[in-house]
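FYI, it's all coordinate maths here, none of it is from the lab. Here the structure is a predicted model, which means the values were calculated and not measured. Glycine gets a Cβ as well: all are built from the backbone with ideal geometry, and neighbour counts include every protein chain shown.
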Amino acid sequence: MKILHTSDLHFGISLCGVPLLKYQWEFCDSLCRLVSDNSIDAVIVSGDVFDTNVASADAIKCWSYLATKLCLEMKTPVVVCAGNHDGAARLASCADLLKAAGLHISGTLEDAFVPIKVGNCEIYSLPYYNTADAAAVLDCKADAGAVMAEVAKRILDGADKSKKLILSAHCFAAGGKAAESDVSARTAESVGGADLVPCSAFEGFDYVALGHLHRPQTLSFQGTIIRYSGTPMPYSFGEAQQNKTVSVFDTDSGTVTELEVPQPYKLRNIEGTYEEVLRNGESDPDSEDFVKIKITDKYAGNTIFSQLRRIYPNLLMFSGKQSRAESQSGITAAETAELDPGALAVKFAADHLGRELDEDEMRWLEEAIAEIDGDDKL
């Protein structure tokens, strides 16, 4: 059997304020073609179908289109677990009714212990959960590793070992690398990894289909393949160079292959002097791409932005040369208190205006501060 694994669809997401839903509709058709062209027997979506807990009507319509086409038109079973961005109860509403159509959605911890039998596989679908709540239900230690180990033990104790055993889950496995758009995952990294699940917790499964991290990657433990499919579309400029794919697990050979997903839009990072970017942009055949531009020799002012926007109509992010206070970015509140007034003003502009002060604004700032403290320098 061939099981297609994808995750983190994030229907309804925006990129720098630009809605991507019209492109996500195109992805739905591309995914269905991949299923058809590669004789896929089942599809796993490992969480984050939607970008917000209360999805918009248009985002729901997009998901309904994809699920209907796969399950009813193509007769391909689809297994879905709720992610941290999904409203689990909403996503799993009418779950029992939908099973008859081949759509299996898990929204509660208890759903994970019921096998979904497809061909020679048993698929167990574990939704995203709060560790403390799950520990109380399972009567185990309240840490990520202990909870996942207990879930896995209960599943494996009742599983049919003659089948290929697949676990779909939405979590952060230790050793995984977060992408720029993995906001919640990067937050977990920054607080010491308390929510990381050790790969040893997945021992006993043949394939673990994970969602949550947007970068495609494979981990492993004692013969268990632990795989993040990554997002099927780029959702940040940090993913501009990633080759977006879905993963296919072959239960007969025990191998994983990647299928490239055709992209309806392209992200690019452009860096250079102002004159270089202008000159290259005039002859750029792909000027309609979504771009992030960094100018290395000038501050990021409105005049420069307008000139670049004329060439690159889809300029979404823009920055200029480093200011004297830029090295202070990302500092703590205590450190902020030590900044001089000029550095604070520059940091405020970066944090709240989303840009650096241009040359004129810097000069006015210097003059104002000099007038206040009687000094002619910042």
Inset, instruction - Using 0.36 nm per residue of separation minus the Cα-Cα distance, give me the extension gain between Glu110 and Thr273 in nm, one decimal. - result: 53.0 nm
Legend entry - FRET efficiency, Lys75 to Asp250 (Cβ-Cβ, R0 30 Å, nearest 0.05): 0.90
Legend entry - Segments 244-253, 156-165 sorted - mean Cβ within 10 Å per residue, highest first: 244-253, 156-165
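Let me know the shape class of the stretch 2-260, please: from the alpha-carbon gyration tensor, a ≥ b ≥ c as square roots of the eigenvalues, rounded when a/c is under 1.5, otherwise prolate if a/b is greater than b/c, or oblate.
Working: a/c = 1.35, a/b = 1.13, b/c = 1.19.
Rounded shape, in that the Cα axes give a/c under 1.5.
Give, to the nearest whole percent, the P(r) tail of the stretch 1-99 beyond 16 angstrom, counting all Cα pairs. Mind showing how you got there, number by number?
Details: 2681 of 4851 pairs.
The calculated P(r) of the stretch 1-99 puts 55 percent of pairs beyond 16 Å.
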Inset, instruction - Filter the cross-link list Lys141/Lys163; Lys69/Lys244; Lys22/Lys117 down to pairs whose alpha-carbon distance in this structure exceeds 26 Å. - result: Lys141/Lys163; Lys22/Lys117
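With 10 angstrom as the radius, rank Tyr312, Tyr23 by how many other C-beta atoms surround their C-beta, starting from the fewest.
On the way: Tyr312 23, Tyr23 14.
The most exposed by this proxy come first: Tyr23, Tyr312.
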Legend entry - Listed residue (Gly17, Val45, Leu97) projecting farthest to the positive dipole end of the stretch 1-146, Cβ model: Leu97
Inset, instruction - Starting from the Cα-Cα distance between Ala100 and Ser287, subtract it from 0.36 nm times their residue separation and give me the gain in nm to one decimal. - result: 62.6 nm
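Taking 30 Å as R0, compute the FRET efficiency from the Cβ-Cβ separation of Val54 and Gln222 and round it to 0.05. Intermediate results must be reported in sequence, preceding the final value.
Values: r = 41 Å, r/R0 = 1.35.
Once rounded, the FRET efficiency stands at 0.15.
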Inset, instruction - Report the label-to-label distance for Arg33 and Ser200 in nanometres (one decimal), using points 7 Å from each Cα along the Cα→Cβ vector. - result: 4.6
Legend entry - In Hz, Karplus ³J(HN,Hα) per residue of the stretch 303-308 (6.51, -1.76, 1.60; θ = phi - 60°; x = Gly, Pro): 5, 5, 4, 4, 5, 5
Inset, instruction - Obtain the nm distance between the two label points defined at Lys177 and Gln263 by a simple spin-label model: each point lies 7 Å from its Cα along the Cα-to-C-beta direction. - result: 1.7
